[in-house]
Structure formats: structure tokens, C-alpha cells
Amino acid sequence: MSTNVTYGDGVPGDDDLHLLGDVSGGRRVIELGITRNAVPLARAGGKAIAVDPDPARIADLRAEAAAAGLSVECHAGELADLGFAPSGTIDAVVANHTLDTDDDLGRTLRQVHRILKPSGPLIVSLAHPFAAVGVGSDAPLRPYGSTGRTVGDLLAALDRTNFRIEAFHELGVTKASPVPTTLVLKATKQGS
């Protein structure tokens, strides 16, 4: 069943990339930071759970879910505040453009690792770090890594928290943007 999960404007979603897998049958999927995926996850038969620090986004999501006749479990808190979920009980986690600004990425990834079932996927999309360099724009070029994490920083953080990269997509290259605008990856939990 299609989840219609999106990974950013103008880039393929999960219907094309096939990273998340089937969520029907009440599979428990957490959306870290409310974007636009919790309602489609619930519509596809998943047990959608959203975590976000903004009460207004939570209220908007609850209203959207109610209007669609769906249920989405919402938790107010930082992305790493996952204490509500017992260890090894979550089937998948989706972070759509929310980890790039996470102040404590290591803590968040450790908590995600704790709550995921063995081999459970973490799907991450974020602004491609190389896009911040400014190639293809009229803005002056900036040194790679000067405005945020590099690809290497992200991969090292995933490795340190015992995730293995299963898929890695650099998306959004167009004539207007000669460098990727979006990075989408699937990492799976290793160990317990």
C-alpha cells in the first residue's frame, strides 16, 4: 500500500524510493518533527506517532488527522525525548528535514536506536550539506561544512550509534541547481 511519505519539495517520495516498506497492520512508525508524513502513515494503516517541540504544529496535526478520520499519537518534546516508547518497540522512524538542525544529534540517534526493533529502519531526509556551499547561486561561495554538518559528520554520527547505511540518495540536481539539494538515506539498527 502506498504511504505517500515525502522527503522534500521536488524530490521523489517513498512511493519512488521504497525505503520505508509496508506500514499496514498497525506497524508503529515515529515521525521525528512534524512535517507532513504522520497522516499519510496512518492512512496507510500504520500506527503513526509524532514528536515535536512546537505545540502549534501538534494541534495542527491533531486537527488534520481528525478531519481525515484518523488517529495520530502526538508527543510534545525535543526530538530525542522518546522515553514514552519502550526499548525495541518501534518498527520505523522517519525524520524529514528535522535532524539537520538537531542540537544533540548523537543523543537523538541513541534514543532512536534504543526504541527501534532489531534491523528497524531510520529514514532521514535533509538539506544536502553541499547545497549550502552556494554553487549555482549568485551568493558568494561558502566553505563546505561552515554552515552545518557535512555528509561525513552525519555518517560518523550514524556509525557511532550503531546504524548501518542501506541506501543513500543525493537528489534535486537540476539545471538550476547543479548540486544536490536533498540527501535521503536509510539506516538500519544494528545490534540490540
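FYI, it's all coordinate maths here, none of it is from the lab. Because the structure is predicted, anything quoted here is derived from the model rather than measured. Heads up, the Cβs are rebuilt from the backbone with ideal geometry, glycines too, and the neighbour counts pull from every protein chain shown.
When the trypsin sites (Lys or Arg not before Pro) in segment 148-189 are filtered for DSSP coil states and for at most 12 other beta-carbon atoms within 10 Å of their beta-carbon, the remaining sites are Lys175.
The count of lysine pairs in segment 14-189 with alpha-carbon distances below 22 Å, taking only pairs 8 or more places apart or on different chains, stands at 5. Compared with the dominant Cα axis of the chain, that is its longest principal axis, helix 151-160 is turned about 40°. Label segment 14-189 by shape, choosing from rounded, prolate and oblate, from the square roots a ≥ b ≥ c of the eigenvalues of the Cα gyration tensor; if a/c is under 1.5 it is rounded, and otherwise prolate applies when a/b is larger than b/c, oblate when it is not. Note, shape of segment 14-189 comes out prolate. Computed per residue of the chain from DSSP H runs no shorter than four, each worth -39500 (n - 2.57), the mean residue ellipticity at 222 nm is -6500 deg cm²/dmol.
The packing ranking of peptides 4-16, 106-118, highest mean first, is 106-118, 4-16, where packing means the average number of other beta carbon atoms within 10 angstrom of each residue.
The angle separating the long axis of helix 55-67 from the principal Cα axis of greatest extent in the chain is about 60 degrees. Once the Cα atoms are used to define both axes, helix 105-115 deviates from the longest principal axis of the chain by about 30 degrees. The residue among Ala65, His75, Thr98 whose Cα reaches farthest toward the positive pole of the charge dipole of segment 58-106, with charges on the beta-carbon of Lys, Arg, Asp and Glu, is Ala65.
Rounded to the nearest 20, the size of the Cβ-charge dipole of the chain about its Cα centre is 480 debye, with Lys and Arg at +1 and Asp and Glu at -1.
Once C-alpha pairs closer than 8 Å and six or more residues apart are averaged by separation and normalised to the residue number of segment 14-189, the relative contact order reads 19 percent. For the chain, the residue among His169, Ile115, Pro180 whose Cα projects farthest onto the positive side of the dipole built from Cβ charges is Ile115.
Secondary structure note: in the chain, about 45% of the DSSP beta bridges are antiparallel.
Applying the criteria of a DSSP loop state and at most 16 other Cβ atoms within 10 Å to the chymotrypsin sites (Phe, Trp or Tyr not before Pro) of segment 103-178 yields Tyr144.
Among the trypsin sites (Lys or Arg not before Pro) in segment 1-101, which ones are in a DSSP loop with at most 14 other Cβ atoms within 10 Å of the Cβ? Mind listing them?
Numbers: sites: Arg27, Arg28, Arg36, Arg43, Lys47, Arg57, Arg62; in loops: Arg27, Arg36.
The qualifying sites are Arg36.
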